[in-house]
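No value in this document is a laboratory result; all are computed from the given coordinates. Just so you know, these numbers come straight off a predicted model, no measurement behind them. Note that we place each Cβ from the backbone using ideal geometry, even for glycine, and neighbour counts take in every protein chain shown.
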Amino acid sequence: MPVKLRKPTLAVWKFASCDGCQLSLLDCEDELVGLIGAVDIAYFLEASSALQPGPYDLSLVEGSITTAHDVTRIKEVRRRSRQLVTIGACATAGGIQALRNFKDVREFISIVYARPDYIETLATSTPISAHVAVDFELHGCPINKAQLLEVVSAFLIGRNPIVPAHSVCIECKLKGNVCVMVAHGTPCLGPVTHAGCGALCPSYDRGCYGCFGPMESPNMTALSHELSELGVGERDIVRLYRTFNAAAEPFSTESAKHDR
């Protein structure tokens with residue numbers, strides 16, 4: 001009688017986020033059918049109420065840590081996961097909510113909420129890696145679904161994921177785009193931003209917003225100099241760096257240099 005092999009178990013977790021990266025997994029459509037055949041999706045509240053207690057072979061984690069409860073919960077997720085991969089700008093860099101890291105969050109709470117004493121939150125929004133060991137980080141806001149499938153497949157068969165480390169500029173060149181900075185003087189973070197979007201914004205004559213976070217070894221000083229040469233003021237340079245990956249190094253360090 002043939003032995004029935006156990007499928008590896010996959011869990012998907014949400015912390016402070018918009019759910020967009022989890023939806024990227026559901027958007028895989030035809031590819032998702034093959035994935036379901038290869039793994040046992042044991043925990044994924046976005047897709048199913050059928051839950052298994054774990055432990056899990058692979059956990060995908062979306063979202064940042066913004067409360068004390070989050071800290072306790074992510075440590076439990078790590079304890080129950082053989083391998084843990086963070087997905088998206090929130091999980092890898094703190095997300096757009098990490099803008100609080102540059103100000104006093106208590107001031108925001110006092111303005112927004114009628115009863116600030118009911119709000120329990122941390123002063124900062126931090127990536128998952130600030131609290132537990134992470135086996136791989138997949139960047140993007142939202143993530144690229146093809147890259148997600150590559151990462152999941154790689155971990156399931158025990159190899160290193162093949163995810164490009166070059167900048168968005170390479171993607172622009174591959175698509176034959178005219179450089180929006182050189183040709184039109186449009187501020188663009190493409191030279192320092194990790195590839196993965198397919199140069200979406202520059203393809204429509206808009207500057208890159210840095211959705212995929214900083215590439216490996218970006219030359220931030222050179223880009224800031226070019227932005228200044230284009231007439232971009234200090235305040236606007238800060239705003240360019242402080243978006244979806246505001247707290248990601250080296251975006252945060254470079255923005256601080258211009259935050260007068």
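Tell me, I128, I237, I109 in order of fewest to most beta-carbon neighbours within 10 Å?
Numbers: I128 29, I237 20, I109 16.
Fewest-to-most Cβ neighbours within 10 Å comes out as I109, I237, I128.
Could you name the aspartates and glutamates whose alpha carbon sits less than 17 Å from that of K145, not counting residues in the same chain fewer than 8 places away?
The reachable aspartates and glutamates, counting only those whose Cα sits under 17 Å from K145, are D19, D27, E29, D30, E31, E46, E62, E137, E171.
Students often forget the sequence filter, so: which lysines lie under 23 Å Cα-Cα from K257 once same-chain residues fewer than 8 apart are removed?
K103
Which of I162, I143 comes first, and how do the rest follow, when ranked by fewest Cβ neighbours within 10 Å?
On the way: I162 10, I143 28.
So the residues, fewest neighbours to most, are I162, I143.
Viscosity 1.002 mPa s, temperature 20 °C: give me the Stokes-Einstein translational D for the chain in µm²/s, with Rh taken as the Kirkwood radius over C-alpha pairs.
Calculated translational D: 109 µm²/s.
Using the charge dipole of the chain (Lys, Arg: +1 at Cβ; Asp, Glu: -1 at Cβ; taken about the Cα centre), state which of G185, H166, T9 has its Cα farthest towards the positive end.
Projecting each Cα onto the dipole axis, the largest value belongs to T9.
Using r as the Cβ-Cβ distance of K257 and I157, and R0 as 45 Å, what FRET efficiency do you calculate, to the nearest 0.05? Write down the numbers at each step before the final one.
Working: r = 43 Å, r/R0 = 0.96.
For K257 and I157, the calculated efficiency is 0.55.
Sorted from fewest to most neighbouring beta carbons within 10 Å, what does the list R115, R206 look like?
Values: R115 7, R206 14.
Sorted ascending by nearby Cβ count, the order is R115, R206.
With N residues in segment 9-157, what two-decimal value do you get for its Cα radius of gyration over 2.2 N^0.38 Å?
On the way: Rg = 16.1 Å, N = 149, 2.2 N^0.38 = 14.7 Å.
Relative to the rule-of-thumb radius for its length, segment 9-157 sits at 1.09.
Once both axes come from the Cα atoms, what is the angle between helix 68-79 and the longest principal axis of the chain, in degrees from 0 to 90, rounded to 10?
50
Assigning unit charges at the beta carbon (Lys, Arg +1; Asp, Glu -1) and nothing else, what dipole magnitude in debye, to the nearest 20, does segment 168-257 show about its Cα centre? Walk me through the numbers on the way to the answer.
On the way: 7 positive and 9 negative charges, 37 e Å.
It comes to approximately 180 debye.
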